[in-house]
Amino acid sequence: MKFTAPTLVIALLSGLFSAGSDAHAQNGGGRVSSNSTSRRGLPTNAELARMRAEVIEKMKESRASMEKLLAIHRQNSVKLALEYETRRRLLERELISKAELREAELALEKTVKDMEQLKRWIIEDDIAITEATMRDELLRLPALARGGYSESGTLVRFNGGGQWSLAEAPKIENFFTQMFGHALPITAFGQTGTHDRLRFDHRNAMDVAVHPDSSEGRSLLAYLRQAGIPFIAFRGAVAGASTGAHIHIGQPSARN
Ligand SMILES: [Zn+2]
């Protein structure tokens with residue numbers, strides 16, 4: 001990666017480095033301590049609800065820590081970008097060695113990479129929290145007939161008539177890459193550690209960090225509908241706020 005300050009400094013300050021381009025991103029396993037499962041057999045609905053609430057609470061705490069860490073990295077990256085620019089000028093005047101410039105470049109690259117990873121984790125958490133908190137609302141909605149479509153202020157649902165499995169994911173990824181020139185930002189592919197902790201069956205679904213009302217989101221939903229692929233598009237956990245907005249491709253998670 002080559003940097004040109006001050007464009008880089010401006011980019012860092014404006015938070016331009018977006019997450020989500022890394023398909024099949026890490027699923028964030030191990031960042032939230034896992035809850036022990038009931039040893040008395042299957043937990044009751046009340047136990048499940050309490051357990052999920054605890055997991056969500058822990059995820060929110062870990063998310064807040066990541067936000068703090070991100071802010072520190074952001075400050076640090078600005079300092080490192082300025083240091084890089086200073087050294088670049090010194091090298092031009094042959095006052096330092098190339099190795100010294102490279103050292104500053106590597107430090108900056110590392111911080112930028114760490115920031116991108118943190119942003120991906122935060123987005124993954126937001127998406128999982130959104131699915132978890134909207135689960136009850138989703139389960140209360142009338143089931144859709146095969147091929148049925150419904151839209152509300154918070155959700156868009158489509159019960160595709162075709163056969164869907166994760167094996168079809170490459171087809172969707174190809175469509176998206178050809179259409180938009182970058183990888184489909186998959187944040188969860190199938191079951192992840194987070195879904196295990198939440199006791200969600202996400203084995204045959206994937207989450208994509210695309211807002212359903214963006215131009216990319218609208219194209220993707222249109223594609224999924226014509227291909228008969230089921231989805232639930234979340235416009236955000238809170239009406240009017242886009243945090244956690246994403247498209248869940250596949251059937252809704254099973255009840256337990
Ligand atoms: Zn999902």
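Coordinate-derived values only; no laboratory data. Predicted model, so just to flag it, every value in this text is computed and none were measured. Virtual Cβ from ideal backbone geometry, glycine too; neighbours counted across all protein chains shown.
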(request) Would you work out the charge dipole size for the stretch 144-249 about its Cα centre, treating the Cβ of every Lys and Arg as +1 and the Cβ of every Asp and Glu as -1, and quote it to the nearest 20 debye? (result) 200 debye
(request) Please quote Rg/Rh for the stretch 131-246 to two decimal places, taking the Kirkwood radius as Rh and restricting both calculations to Cα atoms. (result) 0.93
(request) Compute the length gained on full extension between residue 47 and residue 68: take 0.36 nm times their separation in residues and subtract their Cα-Cα distance, giving the result in nm to one decimal. (result) 4.4 nm
(request) Check cross-link reach from residue 79 to the lysines: straight Cα distance under 30 Å, and skip same-chain residues fewer than eight apart. (result) 2, 60, 68, 98, 110, 113, 119
(message) Given contacts defined as C-alpha pairs under 8 Å and at least six residues apart, what's the relative contact order of the stretch 130-256, whole-number percent?
(response) 29 percent
(request) Starting from the amide H of residue 188, placed 1.01 Å from N in the peptide plane, find each other amide H under 5 Å away whose residue is 5 or more places distant or on another chain. (result) 207
(request) Starting from the Cα of residue 58, draw a straight line to each of the aspartates and glutamates and keep only those under 19 Å, dropping any in the same chain fewer than 8 residues away. (result) 47, 67, 124, 125, 126, 131, 196
(message) Residue by residue through the stretch 109-121, what is 3J(HN,Hα) from phi via Karplus (6.51 cos²θ - 1.76 cosθ + 1.60, θ = phi - 60°)? Round to whole Hz and write x for glycine and proline.
(response) 4, 5, 5, 4, 4, 4, 5, 5, 5, 4, 5, 5, 4
(request) Output ³J(HN,Hα) for the stretch 79-94: one whole-Hz value per residue in order, computed from phi by the Karplus curve 6.51 cos²θ - 1.76 cosθ + 1.60 with θ = phi - 60°, and x for Gly and Pro. (result) 4, 5, 5, 5, 4, 4, 5, 4, 5, 4, 5, 5, 5, 4, 8, 6
(request) Rounding to the nearest 20 debye, state how big the charge dipole of the stretch 70-153 is about its Cα centre with +1 on each Lys and Arg Cβ and -1 on each Asp and Glu Cβ. (result) 220 debye
